[in-house]
Amino acid sequence: MQVAPIRHGNNKNIGESIPMNLENTLLMIPGPVPVAPRILRAMSKPMIGHRSKEFGDLYNECRSTLQELFGTKNDMYIISGSGSCAMEAAVGNIIGEKDTLVTIENGKFGERFREIGERYGSVRSVKFDWTKGESIDLEKVESALAEGARAVSLVHNDTSVGIKNPAQEIGELAKKYGALFIMDGVTTIGGDEVHVDKWGVDLAVVGSQKCIGAPPGLSAISVSKKAWDAMVEKPPYYMDLKAYRKSAAKETAQTPYTPALPLFFALNEALRIVKEEGLEERIKRHSKFAEALRAAADAMNIEMFPKLNKYSKYSNTVTAMYIPTGIDDKKLRGGIKELGIQVSGGQGSLEGKIFRIGSMGNLSKLDILGTVQAVEIVLHRHDVVKKMGPGVEAAASVLK
Ligand SMILES: Cc1ncc(COP(=O)(O)O)c(C=O)c1O
């Protein structure tokens, strides 16, 4: 049987004219990530009652594994809604009209916290020019917190710029100034070191479609005792965390509203895979993959995008690089796509300036090497690199 080519575009139709067989496209974008067949099969199971013991057991198993991934003993809930839904749950439950949220912005998702915060209360934003890949300066954050705030938000790993931000240090500042700490761990939890309890994170969130390797559509949130004590009277209805707490505490644990059951089946299977691999091993693998991509970039003379300072690090889950001189975004990503691999472009004003390779979830070494090879082939075709091979060699030597 012939699979009909499906036209598929990401970020402004790059490669739109290229017929793609999506059954065979390797997704190297920073989520959604490729989903293992075992997880896909789990989604085709017959439905179960969402107030049944079967669901309660599955929900509890997922929540308990997620606690390990978050590094927390705090309460954990799973929401039928993507990562942004959990971000809004975090903000909307503790920020009321009279409250101030300090947002730290060095990427698109840091900005998202501001946009959410403005719907619920006041925002004092600490901005760094993310279109230049700027890192967070802790002194500026401290000055903003010193003015007093109910909470501070941080994106641990801002996917739009490929920077890992200093979560532990922000946790210390939050504690010093008596602010609650909201952390987006959407692209770190399950693939990088996260220590919610040690860092004093009051509300941490993750999405299903990133390092955990499940399909998109679910998110999880951890809630500390301090956060419970600070809940607003009228939180968003669907994301009312007290309703989640009440339902989870029932004899058969459940969610307040009908959960997206096939996604829960998938998440459960994905979390079992995480446990089988072992969290420590998984984190090491993610870190090696990102290191291999950076080594390849260096060998191909591709400049990394983030401007690091003493507080920041390159992301371990997404690698953001400048598009080299001599090729444009369309030719680069279009060429890679033609070879069967999809990578991401820049967001907002970074479109056409950078490209990003996601390396999250259940990927193999060959996925990383194949992606590097595709980049190298396309750059060679356009005379941007003189020789084929140094990129793959550099990545392979990190992965050996
Ligand atoms: C760091 C980060 N936070 C939040 C989100 C938003 O998640 P979602 O698209 O699942 O709503 C993303 C998505 O890419 C992300 O990378």
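The values are calculated or read from the model by the stated rules, or taken from the named source; none is laboratory data. Quick caveat: nothing in here was measured; it's all calculated off a predicted structure. Cβ: placed from backbone, ideal geometry, glycine included. Neighbour counts: every protein chain shown. Protein only, heavy atoms only, side chains kept; ligands, DNA and RNA dropped before computing areas. Shrake-Rupley method; radii C 1.70, N 1.55, O 1.52, S 1.80 Å.
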Among (1) in the same structural domain as residue 366 (by TED's automatic domain parsing); (2) open to solvent by less than 60 Å² (accessible area, probe 1.4 Å); (3) in contact with a helix residue (DSSP H, G or I) (Cβ under 8 Å, 6 or more places away or on another chain) - the single one residue 267 does not satisfy: (1)
Which residues, taken from the stretch 35-48, are open to solvent by 80 Å² or more (accessible area, probe 1.4 Å) and not in a helix (DSSP H, G or I)? 44, 45, 46, 47
Any residue that is in contact with a Leu (Cβ under 9 Å, 6 or more places away or on another chain) and open to solvent by 20 Å² or more (accessible area, probe 1.4 Å) - is there at least one of those in the stretch 355-367? yes
So, in the stretch 67-83, how many residues would count as being out of contact with any Phe, Trp or Tyr (no Cβ under 9 Å at 6 or more places or on another chain) and assigned to a helix (DSSP H, G or I)? 4
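To keep it simple, each residue is scored yes or no on (1) assigned to a loop (DSSP other than H, G, I, E, B); (2) closer than 27 Å to residue 315 by Cβ.
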{"residue": "50", "(1), (2)": "yes, no"}
{"residue": "55", "(1), (2)": "no, no"}
{"residue": "58", "(1), (2)": "no, no"}
{"residue": "98", "(1), (2)": "yes, no"}
{"residue": "112", "(1), (2)": "no, yes"}
Is one or more of the residues making up the stretch 96-105 among the hydrophobic types (A, V, I, L, M, F, W, C) and within 11 Å of the ligand (Cβ to nearest atom)? no
